[in-house]
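First the structure, in the form of structure tokens, and then the observations on it.
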Amino acid sequence: MPHLSISGLCKAFGKKKLLDGLDLAVERGECLVVFGGSGSGKTTLLRHIAGLLEPDAGTVLIDGQRAGDVSAQQRGVAMAFQNFALYPHMTAFENIASPLRARAIDEARIARQVQEVAELLRIAHVLDHSPRQLSNGQKQRTSLARSLVHKPQMILLDDPLRNVDAKIRFEMRLEFPKLFKAFGSTVLYVTQDYREALALGDRIGVLVDGCFAQIDSPAGVYRNPQSREVARLFGDPPINLFEVTPQRGPGGAMQVQIGGQTLVLPDPCTGLQGRACVLGVRPEDLLFSTEAQPGALPVTMEAAMPINVRTVALLKAGDGAELLASRPEDPVLAARRERLGGFATLVPGRCMFFDRASGARI
Ligand SMILES: Nc1ncnc2c1ncn2[C@@H]1O[C@H](COP(=O)(O)OP(=O)(O)OP(=O)(O)O)[C@@H](O)[C@H]1O
């Protein structure tokens, strides 16, 4: 039996349908990231799992029991919301110990459990500090330690890194997966940052219009998105999307028109002839070269910039259609300030097609 099992969950506030028949099953010990835009209903979903909201329709079961029927504490569910305020008059130790005190656990065991979680979160050396003596990162770790100290079977984390600076966010993203596995808890982790979703999730549920548009591994949502919407939500620079109608070219290979120019597709694409669709190509799968190649799309490079260890080029084809190509760091290209004529080709096996009307993956 899955640890968490949701079926047909519906919730509306006034006329606004927020959750619209949502289904989800999460296995014990799994980290499921709920990813979606602002206002898509992520927090509302967590509140149902915590038993704080009643569904309009559908069921939320934890270990087979309805979420609203037993208290979160009895079910071993812990929650940590975006703004984890610490008690300002208590030391870090007392803050972390507070959920254990509420359970009348003896002092020696409290000290042991606080020490254990503080060591895992690397804050054992500041346990006697008050919150105002802690750095922002240490505050964040302390509040997380407080959520984890009683070894919850399930932990609900609502965008815990939203309000921390980039360095702490990066560190915590690296540490979270190990930490979650060390506790063995089932984790539901809400974020609107696709990088965080890719870094942390065993699986990612992509929340769009009140349902999961796709629930898949990080590689699955990135490499094999089931809709144009999911494809667009992951990736920076974003995926290239072009409305095309593939046709068989004179040489027999399938081709499309971009910016009024012809690009030969690298794959057979059987069945797409004459079909109105959207071609999706990730920038890393669009190759730019100054050497002419058969079937390549004539383009001009309008600009290029380094992004981390890659260089991203803005290309224009024909009547002004824009394409993005990214390649391993290329300082010569990145330093160039003038336009550069060239050709674009696609990596075989990497083109995605979506139905133009519905957006569904073909
Ligand atoms: N109790 C409530 N009554 C009325 N409207 C509500 C209630 N709770 C949430 N909403 C509305 O539902 C929408 C979704 O809220 P929710 O907090 O679930 O989104 P979210 O995906 O977590 O957003 P964010 O990432 O910005 O925190 C918002 O427009 C919010 O104003």
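Taking interchain pairs and intrachain pairs at least six residues apart, which have beta carbon atoms under 7 angstrom, with the first residue in region 181-206 and closer than 23 Å to residue 232 by Cα and assigned by TED's automatic domain parsing to the domain that holds residue 154 and the second of a type in the set (S, T, N, Q) and within 15 Å of the ligand (Cβ to nearest atom)?
Close Cβ pairs (under 7 Å, with a partner that is of a type in the set (S, T, N, Q) and within 15 Å of the ligand (Cβ to nearest atom)) amount to 190/43; 192/38; 197/191.
Residues of region 22-50 being farther than 16 Å from residue 204 by Cα and open to solvent by 30 Å² or more (accessible area, probe 1.4 Å), which ones?
Let us first name the residues in region 22-50 that are farther than 16 Å from residue 204 by Cα, namely 38-39, 44, 47-50.
Those that are farther than 16 Å from residue 204 by Cα and open to solvent by 30 Å² or more (accessible area, probe 1.4 Å): 38, 39, 47.
With (1) within 16 Å of the ligand (Cβ to nearest atom); (2) closer than 25 Å to residue 163 by Cβ; (3) part of a strand (DSSP E or B) as the list, and residue 187 as the residue in question, which single condition is left unmet?
Among (1) within 16 Å of the ligand (Cβ to nearest atom); (2) closer than 25 Å to residue 163 by Cβ; (3) part of a strand (DSSP E or B), the lone unmet condition for residue 187 is (1).
Could you grab me the full set of residues in region 140-159 that are closer than 18 Å to residue 200 by Cβ and of a type in the set (Ser, Thr, Tyr)?
Residues satisfying the conditions are 143, 147.
Among the residues of region 139-180, which ones are within 16 Å of the ligand (Cβ to nearest atom) and not in a helix (DSSP H, G or I)? Step through it out loud before you land on a result.
So the first thing to find is which residues in region 139-180 are within 16 Å of the ligand (Cβ to nearest atom), and the list is 156-164, 169.
Residues satisfying the conditions are 156, 157, 158, 159, 160, 161, 162, 163, 164.
Conditions first: (1) open to solvent by 40 Å² or more (accessible area, probe 1.4 Å); (2) touching a residue at least 40 places away in the same chain (Cβ under 8 Å); (3) in a loop (DSSP other than H, G, I, E, B). Residue 74 passes all but one, so which condition is the exception?
(2)
Has region 3-16 got at least one residue that is in contact with a Gly (Cβ under 6 Å, 6 or more places away or on another chain), more than 8 Å from the ligand (Cβ to nearest atom), open to solvent by less than 10 Å² (accessible area, probe 1.4 Å) and in the same structural domain as residue 70 (by TED's automatic domain parsing)?
Checking region 3-16: at least one residue is in contact with a Gly (Cβ under 6 Å, 6 or more places away or on another chain), more than 8 Å from the ligand (Cβ to nearest atom), open to solvent by less than 10 Å² (accessible area, probe 1.4 Å) and in the same structural domain as residue 70 (by TED's automatic domain parsing).
Out of the residues in region 317-336 that are surrounded by 14 or more Cβ atoms within 10 Å (Cβ to Cβ) and over 24 Å from residue 348 (Cβ atoms), which is nearest to the chain's Cα centre (by Cα)?
Across region 317-336, the extreme among qualifying residues is 334.
Of the residues 229, 243, which is touching a Gly at 6+ places or on another chain (Cβ under 7 Å), open to solvent by 60 Å² or more (accessible area, probe 1.4 Å) and not in a loop (DSSP other than H, G, I, E, B)? Before the answer, list the steps.
Numbers: 243 fails: touching a Gly at 6+ places or on another chain (Cβ under 7 Å).
On inspection, the qualifying residue turns out to be 229.
For region 38-61, check the following and say yes or no: at least one residue is more than 15 Å from the ligand (Cβ to nearest atom), of a type outside the set (Phe, Trp, Tyr), over 14 Å from residue 156 (Cα atoms) and assigned to a loop (DSSP other than H, G, I, E, B).
Scanning region 38-61 turns up no residue that is more than 15 Å from the ligand (Cβ to nearest atom), of a type outside the set (Phe, Trp, Tyr), over 14 Å from residue 156 (Cα atoms) and assigned to a loop (DSSP other than H, G, I, E, B).
So which residues in region 17-32 are more than 13 Å from the ligand (Cβ to nearest atom) and either among the aliphatic types (A, V, I, L, M) or at positive phi (or both), if there are any at all?
Just the residues of region 17-32 that are more than 13 Å from the ligand (Cβ to nearest atom), to begin with: 21, 23-32.
If the condition is that a residue be more than 13 Å from the ligand (Cβ to nearest atom) and either among the aliphatic types (A, V, I, L, M) or at positive phi (or both), then 21, 24, 25, 26, 29, 32 are the ones that fit.
Restricting attention to region 114-125, which residues are assigned to a helix (DSSP H, G or I) and buried (at least 19 other Cβ atoms within 10 Å of the Cβ)?
114, 117, 118, listed by residue number.
Would you point out which residue out of 133, 140, 153 is surrounded by fewer than 20 Cβ atoms within 10 Å (Cβ to Cβ) and out of contact with any strand residue (DSSP E or B) (no Cβ under 7 Å at 6 or more places or on another chain)? Steps first, please.
Working: 140 fails: surrounded by fewer than 20 Cβ atoms within 10 Å (Cβ to Cβ); 153 fails: out of contact with any strand residue (DSSP E or B) (no Cβ under 7 Å at 6 or more places or on another chain).
So the residue among 133, 140, 153 that is surrounded by fewer than 20 Cβ atoms within 10 Å (Cβ to Cβ) and out of contact with any strand residue (DSSP E or B) (no Cβ under 7 Å at 6 or more places or on another chain) is 133.
Just checking, how many residues over region 197-211 are open to solvent by 30 Å² or more (accessible area, probe 1.4 Å), of a type outside the set (A, V, I, L, M) and more than 20 Å from residue 18 (Cβ to Cβ)?
Residues that pass the stated criteria total 2.
The values are calculated or read from the model by the stated rules, or taken from the named source; none is laboratory data. Note that the structure is a prediction, hence the values are computed from the model and not measured. Every residue, glycine among them, receives a Cβ derived from its backbone with ideal geometry; neighbour counts consider all protein chains shown. Just the protein is used for accessible areas: all its heavy atoms, side chains included, with ligands, DNA and RNA removed. Shrake-Rupley method; radii C 1.70, N 1.55, O 1.52, S 1.80 Å.
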